[in-house]
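The structure under discussion appears below in the form of structure tokens.
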Amino acid sequence: MVKAARRKSVLIRKLWRDMNRSAMQFAAIVLLCALGTWVFSGLDGTWRMIEVSSETYFAQTRLADFWVNVTSATKNDLDSLENTPGVAAVQARFSAEMDTPDLGDGVSLMVHAYQGAARINVPLVRQGEALAEYDRRGCMLDEQFAAAQGLSVGDSLTLTYNRAEWTFVIRGLILSSEQVITAKDVMPDPATYGYAVTNLDAMPGLPVNEALVALAPGADAAAAETAIQALLPRALVLTQRTHPSTQRTRSEVAMFRNLTYVFPILAFAVAAMIVSTTLTRMIENQRTQMGTLKALGYSRRKIRLHYLCYAFFPSLAGALMGLFVGRYTLPDLLYRMETSHYILPAKIRPPISLSEWGMTALMVLLSVVICLYAYRKAAREEAAALLRPKPPRAGSRVLLERWTSFWRRLGFNTKMIVRNIARNKGRTMVAMVGLLSCNMLIICAMGLQDSVAASVGDFYRGTVAYDLRADLDSSAGTLESYQNRVAAERVEGVMEMRVSLRYGGESRAVALTILSDDQRLLRLGKGNTSVPLPADGVAVSRKLSDVTGLAAGDAVEIWLPGDDEALRFTVSAVYETNIGQTVYLGRNLWEAQRKGAFQPTALFLKNPTALAVHRLSEADEVTDFKNPETQYRLTMTILDSTTAVFSLMYAAALGLAFVICYNMGLINFTERTRDYATLKVLGYHQREIRGLMMWENNLVTVLGAGLGVWPGILLTQVVLGVVRSENNVFYAYVTPVTVLLATGITCLFSVFIEWLITRKVRGIDMVEALKSVE
Amino acid sequence: MSYISFDGVSKVYGTGESAVRAADGVTFGIEEGELCVVLGPSGAGKTTVLNLLGGMDKATAGVIRVGGKEITAMRSPQLTEYRRMDVGFVFQFYNLMPNLTALENVELARQVSSRALDPVEILRDVGLEKRMGNFPAQLSGGEQQRVSIARALCKNPALLLCDEPTGALDSKTGEQVLELLTRVSRTYRTTVVIITHNANIASLGDRVLRMRNGAVVENALNPKPARVEEIAW
């Protein structure tokens, strides 16, 4: 017993000392295992954090399952809704955008006036107090909006709607779970748009135009939706899937979930590969010691266990480190970025998921299996054979030498390098994969930024051909009247509204854009060419076609707000525009429907004179001017918040390249120290030896980085496919400049690592390195 | 003054209590063109002396001069230049580049020396004209050692330093290698220093240095050097 205990402790001591001596290699294993689990647990933690934070919020505030929009709901309608099977509660309210005259032009609020106490979509009070059920003078205001406008509890707020005006006292500042994203156009802008909650009693004369429906737990949502639609055929029913804010929040979660299966798998694969090379090398170096242990009479099992510890402890330490570090870095960083657009009240950290534990276990298991394999290969021989050092791998001719005329033309050094590369195929390959991955990630990061910029730019700088857009309110005149009096190269009008699009049993809230049939200021054709609007049907935007599956020839119904009769059309074309879920309709066809005149909601102006702009800006009905270039820049600010993600990608790419190339370089250097020492003895100067090493490294770098170009472009496409936006179509757009720049960064970085390694030449001790093997 | 002179040369590895004096006040002289055998048991300091002489290591104290140049005063780049132009090294375990052929290993020396000889010529001279395209792993120990000597000779060095050149060889191939070394010394008038622990080899030298415990205990001229075939292994 005593003997056994002592023997064990000696082996453990040996293990620790071995680890100490090969600290760099063990550190590399720890780091790579950490990298593998870090990316996974980070992204997995991110989507779970956003999910649990938003779902908890939804549950706490009892987010509606359906938003039933009607012109005016009767008591009878509401009772029938309440009695629909599966429905647990119904909340009646009035919802509309209202102006705030005290806060300046272009500022508006989405106002929800609740009938009775709020039971569904209950506002979350952040400051002040909740609105009492019978309070007719008070309101609650969006916290973000209040902050942007400098309003606080106790201040007054005036709202106007259809010439009626009310003034309220702000009782509390709130967040609303149905307004996780509060955007009027593309981007949330709390300075100009927010929401407020009041009691319906405070606004006499306004109808109930919206019923919020909460389902009983376990109720059949689809059946309930069908029943409600049957009960109120004219209603526009939004579900959690089509309610913009809720849908965008959930698609964010889905996006990160999808990403969890792109990058981590990549990181995992690379980590596994490097761990494999490093471990194999370390085990091989232990060859004679294995022989000694065998000769001393240690059992195979004991020796195997000893060497498996080489993999087990570092990989366990690394994988756990990655798991925990991942949970406290990426999710917090990405959550903070996300919540710059999406307002959630509290960050909730989910427990470590089963898949995170699983990935950690897999990393350890993989390392142990690799180690076992390397051990088996090394320990196959008899003890006596193991005790002899392994003869150096013989040089051999490479394939290239058969091409004698070419081979002869190569310099001596080049020949030597080519043979070296051929001799260490595995290691060269790993280094190449490292550089390949690095370049791929950098190209992807740059490509994603370029693609978004190009797609958004394609709309605002390509599709849009006007110089200025003037938004008009309901008091606008006819298009012809503006064309007669506004001095510009071209004046066109557009009539826009939100409508319910129904097709094949589904419905969706979309934008309807009515344009003159011969309009030219929106170039909707392929390659941003002008096309006339279809005379016989509607056209849909690319995004709408993508999300609904609608194609030319399909039948659709358009329900105008508050109308009780559908407009029926066939889809005649799909327009390749990058932004918006939009249905395009020609003015002639619109007027043929007899649903009212073509009254522009905005003017498109090409080359307006300064005077014309000035006159328009003084007109009462002009509410806002929009400049496509400004719109472009505004949209591009989305990108600002994602900079952290891209920085992270660059960091990951360079980190990966560093760990891999430094590690491989070090193994290479250690193994060839004797060769370099011989060169030193022969009288090679340090710079000549470094030159040789660099030549070799540069060749591998150029090859590796070059091979990373195509995967980089591919990855950009894959990620763009995964990171879908509800409103935009993004095409992969990777320019040669991007490729060159990324490759340049990769190569520069490789040269930096090479500099670190080749510096070691100075330290080669010729006497030590060439000591006879005794 | 001798062509090679060691004057009170010491080499101490480590410091304090763990210091090891590998060479301790070594003083001797060797004349130009001599074949000198340095003899001594293992640990006597032979290799240290050879390394110091070849500019592969720096002395802790003392002065080493070769052909009027003070090696001990040289800095690293000058030492490299010295090894490059003046010294040829032959090792016990050959130290050939495994992925270069015999010819290419010799060419390696020509890459750095401006007065190099023709590698093919030299390989022919050491009897390897038929093995030039072979890699080290395809050559026997004796053949590998001959490539190593050819590589050293290719630089046309003034000084050829051999560390146990026959240590890893059987007697037959060992003889061939020694034969080659003596011939080089006689034909090219190259100063050759061979270190060995094999006393039988000593009789080949024009001069024999005996070392013990890091010091030279005897520096004797051999008026009648033996021929290789005369020595007994």
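A few points about this structure:
- Checking each residue in region B:128-157 for being exposed (fewer than 15 other Cβ atoms within 10 Å of the Cβ), away from every other protein chain (no Cβ under 13 Å) and touching a residue at least 24 places away in the same chain (Cβ under 8 Å) picks out only B:Ser140.
- Scoring B:Cys162 on the criteria (1) modelled with pLDDT of 90 or more; (2) away from chain A (no Cβ under 11 Å); (3) surrounded by fewer than 22 Cβ atoms within 10 Å (Cβ to Cβ) leaves a single failure, condition (3).
- Filtered by the rule that a residue be touching an Asp or Glu at 6+ places or on another chain (Cβ under 9 Å) and surrounded by 17 or more Cβ atoms within 10 Å (Cβ to Cβ), region A:599-622 gives A:Pro600, A:Thr601, A:Ala602, A:Leu603, A:Phe604, A:Leu605, A:Pro608, A:Val622.
- Identity of the residue in region A:530-549, surrounded by 21 or more Cβ atoms within 10 Å (Cβ to Cβ) and hydrophobic (A, V, I, L, M, F, W, C), that ends up nearest to the chain's Cα centre (by Cα): A:Leu544
- Among the residues of region A:678-723, the one identified as within 35 Å of the chain's Cα centre (by Cα) and aromatic (Phe, Trp, Tyr) is A:Trp710.
- Among the numbered conditions (1) surrounded by fewer than 21 Cβ atoms within 10 Å (Cβ to Cβ); (2) modelled with pLDDT of 80 or more; (3) touching a strand residue (DSSP E or B) at 6+ places or on another chain (Cβ under 9 Å), the only one that A:Leu238 does not meet is (1).
- Some residue of region B:99-116 being within 7 Å of chain A (Cβ to nearest Cβ) and touching a Pro at 6+ places or on another chain (Cβ under 6 Å): yes
- Here is the figure for region A:309-345: residues that are closer than 18 Å to A:Arg250 by Cβ and modelled with pLDDT of 85 or more total 3.
- Condition broken by A:Asn484, with the remaining ones in (1) part of a strand (DSSP E or B); (2) surrounded by fewer than 16 Cβ atoms within 10 Å (Cβ to Cβ) satisfied: (1)
- Of the candidates B:Asn105, B:Asn95, the single residue that is closer than 24 Å to B:Leu50 by Cβ, polar (S, T, N, Q), in contact with a Lys or Arg (Cβ under 6 Å, 6 or more places away or on another chain) and crowded, with 18+ Cβ neighbours inside 10 Å is B:Asn105.
- Any chance A:Leu103 is surrounded by 18 or more Cβ atoms within 10 Å (Cβ to Cβ), in contact with a Leu (Cβ under 8 Å, 6 or more places away or on another chain) and not acidic (Asp, Glu): no
- Here B:Val63 does not fit the description of being modelled with pLDDT of 90 or more, buried (at least 18 other Cβ atoms within 10 Å of the Cβ) and of a type outside the set (Gly, Ala, Ser).
- Residues (out of contact with any Ser or Thr (no Cβ under 9 Å at 6 or more places or on another chain) and either without any contact (Cβ under 8 Å) to a residue 40 or more places away in the chain or in a strand (DSSP E or B) (or both)) located in region A:60-73: A:Val68
- Boolean, A:Thr582 is in the same structural domain as A:Ser481 (by TED's automatic domain parsing), buried (at least 17 other Cβ atoms within 10 Å of the Cβ) and either in contact (Cβ under 8 Å) with a residue 12 or more places away in the chain or within 30 Å of A:Phe94 (Cα to Cα) (or both): yes
- Positions within region A:126-147 being under 31 Å from the mean Cα position of the chain (by Cα) and surrounded by fewer than 17 Cβ atoms within 10 Å (Cβ to Cβ), in sequence order: A:Arg126, A:Ala147
- Residue list for region A:1-33, restricted to those being surrounded by fewer than 13 Cβ atoms within 10 Å (Cβ to Cβ), modelled with pLDDT of 80 or more and not β-branched (Val, Ile, Thr): A:Arg13, A:Trp16, A:Arg17, A:Asn20, A:Arg21, A:Ala23
- Scanning region B:51-87 for residues that are within 13 Å of another protein chain (Cβ to nearest Cβ), touching a residue at least 40 places away in the same chain (Cβ under 8 Å), among the β-branched types (Val, Ile, Thr) and in a helix (DSSP H, G or I) yields a count of 0.
- Residues of region A:290-302 that turn out to be closer than 12 Å to A:Ala379 by Cα, surrounded by fewer than 19 Cβ atoms within 10 Å (Cβ to Cβ) and touching a residue at least 40 places away in the same chain (Cβ under 8 Å), as a count: 2
- Helices (runs of 4 or more DSSP H) fully within region A:675-774 counting 3 or more residues that are within 14 Å of chain B (Cβ to nearest Cβ): A:686-707, A:766-769
- Residues within region A:703-751 that are surrounded by fewer than 16 Cβ atoms within 10 Å (Cβ to Cβ) and farther than 25 Å from A:Leu259 by Cβ, tallied: 6
- For region A:419-429, the criterion of being touching a residue at least 24 places away in the same chain (Cβ under 8 Å), more than 14 Å from chain B (Cβ to nearest Cβ) and of a type outside the set (Lys, Arg) is met by at least one residue.
- Qualifying residue in region A:221-231 (condition: in contact with an Asp or Glu (Cβ under 6 Å, 6 or more places away or on another chain) and in contact (Cβ under 8 Å) with a residue 24 or more places away in the chain): no
- Selection within region A:597-622 - in contact (Cβ under 8 Å) with a residue 24 or more places away in the chain and either in a loop (DSSP other than H, G, I, E, B) or not assigned by TED's automatic domain parsing to the domain that holds A:Ala487 (or both): A:Ala597, A:Phe598, A:Gln599, A:Pro600, A:Thr601, A:Thr609, A:Asp620, A:Glu621
- Considering only residues in region A:611-640 that are farther than 19 Å from A:Val107 by Cα and charged (D, E, K, R), the one that is farthest from the chain's Cα centre (by Cα) turns out to be A:Arg615.
Each row is one residue, and each column tells you yes or no for (1) away from every other protein chain (no Cβ under 14 Å); (2) closer than 30 Å to A:Ala34 by Cβ.
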| position | (1), (2) |
| --- | --- |
| A:Ser572 | yes, no |
| A:Tyr584 | yes, no |
| A:Ala610 | yes, no |
| A:Ser617 | yes, no |
| A:Ala652 | yes, yes |
| A:Gly665 | yes, yes |
| A:Arg672 | no, yes |
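- Going through (1) more than 24 Å from B:Glu32 (Cα to Cα); (2) in contact (Cβ under 8 Å) with a residue 60 or more places away in the chain; (3) away from chain A (no Cβ under 14 Å) one by one, B:Met211 falls short only on (1).
Residues are listed down the side, and each one gets a yes or a no for (1) within 30 Å of A:Thr329 (Cβ to Cβ); (2) modelled with pLDDT of 90 or more; (3) touching a Leu at 6+ places or on another chain (Cβ under 8 Å):
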position	(1), (2), (3)
A:Phe40	yes, no, no
A:Thr61	yes, yes, yes
A:Val87	no, yes, yes
A:Ala92	no, yes, yes
A:Val125	no, yes, yes
A:Ala130	no, yes, no
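The values are calculated or read from the model by the stated rules, or taken from the named source; none is laboratory data. What you are looking at is a predicted structure, and each value in this text was computed from that prediction instead of being measured. Heads up, the Cβs are rebuilt from the backbone with ideal geometry, glycines too, and the neighbour counts pull from every protein chain shown.
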